[in-house]
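The values are calculated or read from the model by the stated rules, or taken from the named source; none is laboratory data. Keep in mind it's a predicted model, so treat the numbers as computed, not measured. No Cβ is skipped: glycine too gets one built from the backbone with ideal geometry, and neighbour counts run over all protein chains shown.
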Amino acid sequence: MVSFVLLLTALTPGQTTGEATAPLGAAVSAVGPQLDSISPAPTAQLYPIQDDLPSSDSVRGSPSATGPADAALNFPSLTWSRAAAAESSDAAAPAEPVEITAPFLATPAPPPVPPAPAAPPAPLPDRWWLMRELQGTALGAFFDDNRFFMTGWVEQSYTASTDKVTNGTITWNDQANKYLMQQAWFRVGRSVVTSGTTSPSFGFQLDVLTGSDYRFTLPRGLFNSQLYNSTGGQNLYGVDPIQEYVSMYVPTLFQGVEFRLGRLYTPWGVESLEAVSTPLLSRSYAFNWSPPFTHSGLAAYVTFNKEWSGVFMLANGNDVFFGDPSEELRFVGNLRWVQPGGRNTVTVATSLGRGTFNPAYATPPQQSTVALATEPFGRNNFNAFDLVYTHLFNTVLSYNMEAIYAYQNNVPQDALAVGSSNGFANWFSAAHYMFWTISPKWGSVVRFETFDDCQGQRTGFAGLYTSLTTGVQYHINKSMVIRPELRYDDNWLQKPFEGHHGIFTAASDLIIRW
């Protein structure tokens, strides 16, 4: 239809070659209502370049059809010829043809490409009570200007148990029918700059744990004397500077690398040393008995791309502080893959060294505490391999699985509940977690685990442990959460729970963040 109108306009009297552009413009205006109703497409052309114009029905019928679609088909010009009327007396002489060449529609220039939007600034970390209260003050401005932060939390719990005194191999709420101030945590640091610059930045972090949980986290060579009191018993409460490091972030190396030097967390696992970062009050066997907790050394936290990242560390042992006579060089690290979109994540990790027990630095075989510093045969030289798999079913339901295998050679027979001819000890665990976000205030977790302490080197009791735990989290407000749980444990071979194969506990903690 458009082409027909343009042809008729080109044939109007007085038109000559070179004057076609203006009449064509008028013709376009004449059919303005039809063309104006079709807006230019801001996106790519919908029709391929071809010789035949699509039918008018196909253009109008497509919701994505646009006015410039005719021009997009790239028809460059229209040529028309007719015999001029002979006005002379010689009618037999053929008249010279008159040619009118007119552009059909000029191909519009592509719209300018808008500049790419600036990358959004990195999200600020959560501001808890103290940092919020400092906002608007001179001290708060000083903290913000220098990237300083200060925060912490308090975790207290009570565990009702079918045992009377101790919950045996259950940690870290190991005291039966007793209130515990498990963690009074203090953190101060200076963050590094991870976006918006190509220059390196420097930071530090110090974490100090006080409370009953210090008994599980103390490394060899750091404040170990506080574990015992003057009567030879164990002090239930103490302090552990659980993490301290200086750091440098280099944004131009790969897609960002942070170097850390100091005492650092073991870089794997579903659960955490921090109460605010672990899903349940009680810890799994996979977390407490299978791997180490901290390492002293130099680490690189590398982001290769959106899918691949890793941690690569040279450490002086498992749970050994700088300068302790038992330190040995080992490699600790992980490699993580995140599926585009984040539905699946896989992390493989290891703590790998000599893997042979060093008898020169063993404490006496009488184990009066489960604390690392006084475990009779320690964690220092065992090798561990870890696999964590995460799957997101949807925005409210997810699944985690952690599998660990560890071993140590040349372990003294006194450390083994089941003898081994060459002192070989090994253990493995598989823990499964199902997370369900019920609402912004409510969440739930189910954990099922099997842990085989084959020779009893870890817990003091050989055999296969099974454990089922279910718990909920209720967020009273942004800074307070309460976490009740029910748990049942069983050892099929031996009786680690005050002379029983199994134990049932009902526990809850309250966490207040400041």
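In the condition set (1) more than 28 Å from residue 203 (Cα to Cα); (2) at pLDDT 95 or above; (3) assigned to a loop (DSSP other than H, G, I, E, B); (4) aliphatic (A, V, I, L, M), residue 346 is compliant with all but (3).
Condition check ((1) farther than 30 Å from residue 502 by Cβ; (2) under 26 Å from the mean Cα position of the chain (by Cα); (3) at pLDDT 95 or above) across all residues:
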{"site": "155", "(1), (2), (3)": "no, yes, yes"}
{"site": "191", "(1), (2), (3)": "yes, yes, yes"}
{"site": "203", "(1), (2), (3)": "yes, yes, yes"}
{"site": "209", "(1), (2), (3)": "yes, yes, yes"}
{"site": "216", "(1), (2), (3)": "no, no, no"}
{"site": "226", "(1), (2), (3)": "yes, no, no"}
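Looking only at the stretch 225-263, residues that are in contact with a Phe, Trp or Tyr (Cβ under 9 Å, 6 or more places away or on another chain), outside any helix (DSSP H, G or I) and over 30 Å from residue 194 (Cβ atoms) come to 5 in all. Tell me, please, whether a residue that is under 17 Å from residue 285 (Cα atoms), touching a Pro at 6+ places or on another chain (Cβ under 8 Å) and assigned by TED's automatic domain parsing to the domain that holds residue 292 can be found in the stretch 424-434. Yes: the stretch 424-434 contains one or more residues that are under 17 Å from residue 285 (Cα atoms), touching a Pro at 6+ places or on another chain (Cβ under 8 Å) and assigned by TED's automatic domain parsing to the domain that holds residue 292.
All of (1) at pLDDT 95 or above; (2) out of contact with any Lys or Arg (no Cβ under 7 Å at 6 or more places or on another chain) hold for residue 290 with one exception: (1). The number of residues in the stretch 224-243 that are free of Cβ contacts under 8 Å to residues at least 40 places away in the same chain and more than 24 Å from residue 178 (Cβ to Cβ) comes to 2. Listed by first and then second residue, the pairs with beta-carbon distance under 6 Å, at least 6 apart or on different chains, first residue in the stretch 277-292 and assigned by TED's automatic domain parsing to the domain that holds residue 485 and closer than 15 Å to residue 379 by Cα, second among the polar types (S, T, N, Q) and part of a strand (DSSP E or B), are 285/429; 286/429; 288/171; 290/429; 292/351. Each residue in the stretch 439-490 was checked for being touching a Ser or Thr at 6+ places or on another chain (Cβ under 6 Å) and either exposed (fewer than 14 other Cβ atoms within 10 Å of the Cβ) or free of Cβ contacts under 8 Å to residues at least 24 places away in the same chain (or both), and 2 pass.
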